[in-house]
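Every number in this text was worked out from the coordinates using simple rules, so none of it is lab data. Computed from a predicted structure; not experimentally measured. Cβ placement follows ideal geometry from the backbone for every residue including glycine, while neighbour counts extend to all protein chains displayed.
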């Protein structure tokens, strides 16, 4: 159980780290779909760390739907991906941030950010193997 949680935490920390490095404006919500969207713990962790509601899609098999929406937007059937998403992706659940783990996850993330610089030489050695 601890190992499974550690994997989920690592996934969420990686996503948050990448997002924060991109310098994009803060999103109002996060939409999740696909197989991993069925994992409630993962979605709760995303809501807590990103600090936004996580909208869980009704559809879990979204590859074909995404391809279709891309084509439909390209053909002008929708004004953009926002409209295509709103009109074609139902929401099964909304997970709101502000739970009891938000502060803990944020504090642990600060440690996570320091791990790579502290272990950079070892990571380079592993890569060369």
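Details
- For the range 1-44 versus the range 63-118, the gap between their alpha-carbon centres in whole angstrom: 9 Å
- Taking packing as the residue-averaged number of other Cβ atoms within 10 angstrom, the listed peptides 80-93, 20-33 run from highest to lowest as 80-93, 20-33.
- Net length available on complete extension from residue 129 to residue 18 is 37.4 nm, with 0.36 nm assigned per residue and the Cα-Cα distance removed.
- Potential lengthening between residue 40 and residue 27 on full extension [0.36 nm per residue; Cα-Cα distance subtracted]: 2.6 nm
- Spin-label zone in the range 24-39 - amide nitrogen under 20 Å from a point set 7 Å from the Cα of residue 58 along the C-beta vector: 30-39
- For the chain, the normalised intensity computed at q = 0.10, 0.11, 0.15, 0.18 Å⁻¹ comes to -0.42, -0.51, -0.85, -1.06 (log10 of I(q)/I(0), Debye sum over alpha carbons, equal scatterers, no solvent).
- Value of relative contact order over the chain, rounded to a whole percent, pairs C-alpha under 8 Å and six or more apart: 25 percent
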